[in-house]
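In what follows, a single structure is set out as C-alpha cells and then discussed.
The values are calculated or read from the model by the stated rules, or taken from the named source; none is laboratory data. The model shown is predicted, which means the values in this text are computed figures rather than measured ones. Cβ sites come from the backbone with ideal geometry, for glycine too, and all protein chains shown count toward neighbours. Remember, those area values only see protein heavy atoms, side chains included, never the ligands or the DNA or RNA. Shrake-Rupley method; radii C 1.70, N 1.55, O 1.52, S 1.80 Å.
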Number of protein chains: 2
Amino acid sequence: MRDDEELGRITLAQVAKKAGVSISTVSKVLNGRQDVAPPTRIKVERLLETHAYRRTARSSREAPLIEIVFHELDSMWALELIRGVENVAKANQASVVLTESGTRHSPSPDWIEGVLQRRPIGVVLVFSALPQSVKQQLQARSIPFVIIDPAGDPEPDVPSVGSANWTGGLAATRHLIELGHRRIGIITGPEDMLCSLARLDGYRSAMGMAGLATGPELVRFGDFHVEGGFDRATEMLALPRPQRPTAIFAGSDLQALGVLEAARVNGLRVPHDLSVVGYDDVQVARWSSPALTTVHQPLRQMAEEAAQMLLRLRTEEPSATRLELATSLVVRNSTAPPPESAPEAPKATKATKATPQTVPAARTED
Amino acid sequence: MRDDEELGRITLAQVAKKAGVSISTVSKVLNGRQDVAPPTRIKVERLLETHAYRRTARSSREAPLIEIVFHELDSMWALELIRGVENVAKANQASVVLTESGTRHSPSPDWIEGVLQRRPIGVVLVFSALPQSVKQQLQARSIPFVIIDPAGDPEPDVPSVGSANWTGGLAATRHLIELGHRRIGIITGPEDMLCSLARLDGYRSAMGMAGLATGPELVRFGDFHVEGGFDRATEMLALPRPQRPTAIFAGSDLQALGVLEAARVNGLRVPHDLSVVGYDDVQVARWSSPALTTVHQPLRQMAEEAAQMLLRLRTEEPSATRLELATSLVVRNSTAPPPESAPEAPKATKATKATPQTVPAARTED
C-alpha cells in the first residue's frame, strides 16, 4: 500500500488553495455540479487528478453502488453481464446501478454528470472504447472503472476483461472438421468489430491447417442478430450442391438461430442435413431446437472479474491490465457428421424419427 | 394537491420533539442506520408515517434512482422489465438500481436496510406479495413502491401492475379452435400461481364455449421453464392417436420451446403436425424456429407503467390501484390447421414451401 500512503492525503482545502478557489467550488466540481465555469472546473479536476484525491470517509457511510453501463440492453449478453456484476455486488452488500447510454463505442456525455453524483464504488463499462475526457473525469474523482469488452477491442491504457475469440473460432471449426465436414461456411459478426475478425481468423487457421478451401462464397459478415444469420445462411444454402456448405459456423448464438430458421425454410434438417455451431452460449443456445453446439463465452464470469477488479481498484492503483478468459466448445445437438459421410439409407431411417416428411420437401428445394 | 398541503409540513425537529428523542436519532431512523434501539425506531417510524413526513429538499439535490427488485434475474421477464423501468428512468434523468433478493414472494430483510440508505425515488418490486413490515418501513420514509405482478396475485392494499391472464388463455385457445383444432392440450404454469390458473380457466372457457372436451390427459401443470414444457409435451405426444392433441397451448414461451423440442424428437413438424402457442412474447418467441404464435404480455409496458406510477406517487398520495394491461395474440408460424383437415400430400409441400415466403413475411409485422 505504498501508493495509498502518498495518496489520499490532500484535502479539499489544499486543493482549493492551490486552485485559488473556494472549498465549495471544489466540492461542486467533485459532485459534478453544473454551476462551475469550465476553466475552473478543468483546473480543479487537474489538481484532484495529479494529487490523486480520494473520497475515503464518505463512501463508507453511503450505500455502496456498482454501476454498469450498456449502450443497449437489447442483447442476450446484457442479462448475463448484469447477473455477473449482481453476484459480486450482492457478496459485497452493494447494489447495481444500470445505465443504458451512448453508442456501441462510448457512453453519452450526460451520463458522466450522473455518475459523478451517484459516486459508485466503480463503473463497469460495456464498451469497446472510452473517450479520453470520460477517463479523465472518472480518474479525477478516483472512481475506478473497468471495460468489459466481448468485442475484443480493448483500450491499451484501461483495465479490461475479454475472452479468447480467435481460439473460439478455431475450436468451433475444428469440431466440424473432426466430424468429417469439408465444406464449412462461416457467418461472423460485423466487419468493424475485432471479435468478428478474430473468430474469422480462427476459422481460417483451422481450415488451412486441415488443407481445406475457404472460398469467398463460404465467408460472410453478419450483424450478430437473428436476421443476419437467416439472410447470410439463406444465401449460402442457395449455392449449388457441390459448393453448398454441409456445416455453418454462425459466429453468435443469435445468428445460429437465424441459420436454424433458414434450414427449416429450405427443408433441411439440423443436424442431419446441416450442422450449425453458435458462439456465446447464452441461454437461448440451450433452449433452441435442436440445442446448439456453441462456443461458451464466459460472459457472467467476465462481469464478475470486472466487478472484482473494481473492488481491488479501491485500494490498489489502477494498472492497465487486460484479462482474457478462455472460451470452450460446448457440444449439443446441432452438429453431426455430414450426410455424404455415411450411406443414405441407415441415415434416413435414423432421421425418419426426426422429420420424415421433410425429406421429399428437401429434395424439391434442391 | 390538497394532500400535499396537509402533508410534508412536519419537520425532523417536530418529530424528534413528539418522540422525545434527538433530531440526530430521527435522521438515523430515516437513514436506516442500525444504532437505534428498536422501540425508539418503531416510535419514530410511526410518527413519520402518521405525519407523512416527506424528504423533499434532499432528493432533489441527489442523483435520482429508481430501484427494481427481483427474486431472480434468471428469466426472460427480467430483461423486458428492466428495459421498461430504464426507459422511464432515462426520460427522467434517473438511473436504475437493480437488486436480486429474497424469494418469489418477497425480498429478503437485509434488502430493506440498503434501500433506506439508497433513498430511491421509488421501488418497483417484482414480487407477488410483500410483508407488512416492509410496507411500513417504506411508507415511514415515504419511499413509494409499486408491485409488478405478472403472476397475477396482487396485494389488495398496494399499487400493482399486471396483465389480463384469463383473457390471454382464452385468446390462445380460441385461435387454435378457429384453425380447426379439436384436441387441444394445455401446459399451464405451476399450480400455486394465480396466473397459471387464470390462463387455464381461459382455456377451459374457450373449449367449453366451443363444446370441446378437456379431459385430464389434456391438462398439465408445468414450471414455466423449457424442461417442464418438454416433459409435459412428451407425455401428451405419447398418447395414442385419437387422444393425442393436434395443438398445445404451452402457457409460456419457454414451455413452448420445450414443446418444439419434444415435437422434433418425436419426428413431428411444427406447425404441420402439431400447432404450438406460447405465452409472454419475450424475444425468444420471435427467434425460435418456427417463430412462435404467442400471447403478448406487455412486460416492458407494465414496467413503464409501474415506474410512471412511482413518479406520480412522489406528489400524489398512494392509492391501492391495480392496473391490468391487455394481452394480445401474436400470430407467427407455429400454428396451422390440424393435419386431418386437409389431404396429406399438398399440405406437406405447403408446410415446407409456403410457410417461409408468405407467413413470416406477412405476419411477423403483427
Would any residue of region B:166-205 have its amide N under 13 Å from a label point 7 Å out along Cα→Cβ of residue B:217? List them or say none. B:183-185
Highest to lowest packing among A:249-261, B:90-102, scored as the average C-beta count within 10 Å: A:249-261, B:90-102
What's the average, rounded to a whole number, of partner chain beta-carbon atoms within 10 Å of each residue's beta-carbon in B:287-295? 5
Rounded to the nearest 10 Å², the 1.4 Å probe accessible area of residue A:77 is 50
Using a Förster radius of 30 Å, what is the FRET efficiency between residue A:330 and residue A:157 based on their Cβ-Cβ separation? Nearest 0.05, please. 0.30
Pairwise label distance in nanometres, residue B:91 with residue A:231, each label 7 Å out on the Cα-Cβ vector: 3.1
Set A:90/B:135; B:17/B:90; A:18/A:135; A:135/B:90; A:90/B:90, cut-off 31 Å on Cα-Cα distance; pairs above it are B:17/B:90
Would you kindly derive the ³J(HN,Hα) couplings of region B:199-207 from the backbone phi angles with the Karplus curve 6.51 cos²θ - 1.76 cosθ + 1.60 (θ = phi - 60°), listing them in order in whole Hz, with x for Gly and Pro? 5, 5, 5, x, 4, 4, 5, 4, 5
Listed by chain and number, the residues whose amide H is under 5 Å from that of residue B:247, excluding neighbours fewer than 5 places away on the same chain and using placed H, are B:185, B:275
Under 5 Å between amide H atoms, partner at least 5 residues away or on a different chain: which partners does residue B:160 have, H built in plane at 1.01 Å? B:147, B:321, B:322, B:323
What is the set of long-range amide H partners of residue B:122 at a cut-off below 5 Å, with H atoms built 1.01 Å from backbone N? B:67
Residue separation between residue B:23 and residue B:239 times 0.36 nm, minus their alpha-carbon distance, gives in nm 70.6 nm
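What average number of partner chain Cβ atoms lie no more than 10 Å from the Cβ of the residues making up B:275-284?
Details: counts 0, 0, 0, 0, 0, 0, 0, 0, 6, 6.
Mean number of neighbouring Cβ atoms from other chains: 1.
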Take peptide A:223-232, look around each residue's Cβ out to 10 angstrom, count Cβ atoms belonging to other protein chains, and average those counts. 1
Say each of residue B:210 and residue A:322 gets a label point 7 Å from the Cα, pointing the same way as Cα to Cβ; how far apart are those two points in nm? 5.9
In this structure, the FRET efficiency calculated for residue A:50 and residue B:49 from their beta-carbon separation, with R0 = 30 Å, to the nearest 0.05, is 0.05
In whole percent, how big is the carbon plus sulfur part of the accessible area of region A:153-286, probe 1.4 Å, protein atoms only? 56
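Taking a probe of 1.4 Å and counting only protein heavy atoms, give the total accessible area buried between chains A and B in Å², rounded to the nearest 100. Working shown, then result.
Working: alone 16450 and 16340 Å², together 28760 Å².
Interface area, both chains combined: 4000 Å², rounded to the nearest 100.
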Computed over region B:80-229, Cα set: Rg, Dmax in Å: 19.3, 58
Just to check I understand the Karplus step: with θ = phi - 60° and J = 6.51 cos²θ - 1.76 cosθ + 1.60, what whole-Hz values come out for region B:303-314, glycine and proline as x? 5, 4, 4, 4, 5, 4, 4, 4, 5, 5, 5, 5
Please work out how much accessible surface residue A:22 shows to a 1.4 Å probe, ignoring ligands, DNA and RNA, in Å² rounded to 10. 50
At R0 = 35 Å, FRET efficiency that the Cβ-Cβ distance of residue A:315 and residue B:14 yields, to 0.05: 0.20
